[in-house]
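Here's the structure we're looking at; comments come further down.
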Amino acid sequence: MNKTKIIIMMILLLHCALFSYAEEASYDDSFDISILLKDELADNEISIKNGHFTISGEKDRISAEGNVKNSKKDGEWKIYYTDSDEKVLKSKGTYNSDIKNGQWVTFHRNGKTWMKMTFRKGVLNGPLYEYSMEGVPVSEIMYSNNMKNGVYRKYFPDGNPKEISMYKKDQKDGIQNLYYPNGKRISIGTYKNGIKNGLWKYYYETGKRKAEGNFKNNEKSGKWKIYDENEKIVDTESY
């Protein structure tokens, strides 16, 4: 194979790698928060006016228990997994007249904390922390009125950052950084109202530049530079 063909193949491979990163929005794979907002006890009838109340599920297993005031859930409540004969805590938190209020904590089946969050009058307001089954931090994000607002952080199992992004009204808005497991940056760029705009830079696992160029309304714009692993420009493209 002659030198020209080798160079062409290298450029094609670099292009493929560039496109894969350029199209990657983020590591963010957070769940639908409607699961957290839903009150899984809402359909259960409270049959006492005041005192401690227990709710039973299949096979008469206790599915939840807590305090009742004026026939409404009020104070601390505990919810359990119901597919086991053992009493395994699923979540706990406080109600104020049937509405979630204050800190709520959910748990993995092994008893380790899964998520911590804060409700104000039934609305997510404050930080939400997520942990693995081993108790290692997975992610953290601020919520305001059920929407992501502020810094979003996601971590690798060893605690190194995987992604650091900014959110505003549930959309990415500001600088996003993605990282390799070795701590080196994959890319850095800016979002505006959930759309890529401005200069974006991509890197090899060594930390050397891989490609850079501008986005406009989520599309590549202007001149893009592509580098080899020694940061030598091997190609340029115009959009």
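The values are calculated or read from the model by the stated rules, or taken from the named source; none is laboratory data. Quantities reported herein were computed from a predicted structural model and do not represent experimental measurements. A quick note on method: Cβ atoms are made from the backbone with ideal geometry, for glycine too, and the neighbour counts reach across all protein chains shown.
Some points to look at:
- In summary, Tyr179 fulfils each of the numbered conditions (1) out of contact with any Pro (no Cβ under 9 Å at 6 or more places or on another chain); (2) without any contact (Cβ under 8 Å) to a residue 24 or more places away in the chain with the single exception of condition (1).
- When Lys232, Lys162 are checked against the criterion of being more than 29 Å from Asn110 (Cα to Cα) and not aromatic (Phe, Trp, Tyr), a single residue qualifies: Lys232.
- Output for the range 94-130, where each listed residue is part of a strand (DSSP E or B) and basic (Lys, Arg): Lys100, Lys116, Arg120
- The single residue among Met166, Met133, Met117, Met142 that is exposed (fewer than 15 other Cβ atoms within 10 Å of the Cβ), under 30 Å from Gly183 (Cα atoms) and of a type outside the set (Asp, Glu) turns out to be Met133.
- The single condition among (1) assigned to a loop (DSSP other than H, G, I, E, B); (2) under 17 Å from the mean Cα position of the chain (by Cα) that Arg153 does not satisfy is (1).
- The condition of being in the same structural domain as Thr113 (by TED's automatic domain parsing), touching a helix residue (DSSP H, G or I) at 6+ places or on another chain (Cβ under 9 Å) and surrounded by fewer than 13 Cβ atoms within 10 Å (Cβ to Cβ) holds for only one of Asp85, Asp60, that being Asp85.
- Any chance Ala64 is under 25 Å from Leu124 (Cβ atoms) and part of a loop (DSSP other than H, G, I, E, B): no
- Residue within the range 169-180 that is in a loop (DSSP other than H, G, I, E, B), hydroxyl-bearing (Ser, Thr, Tyr), surrounded by fewer than 17 Cβ atoms within 10 Å (Cβ to Cβ) and in the same structural domain as Lys208 (by TED's automatic domain parsing) present: yes
- Within the range 207-228, tally of residues that are surrounded by fewer than 14 Cβ atoms within 10 Å (Cβ to Cβ) and farther than 22 Å from Ser165 by Cα: 2
- Pairs with Cβ under 6 Å, 6+ apart, first in the range 152-167 and within 10 Å of Val138 (Cβ to Cβ), second small (Gly, Ala, Ser): Lys154/Ser139
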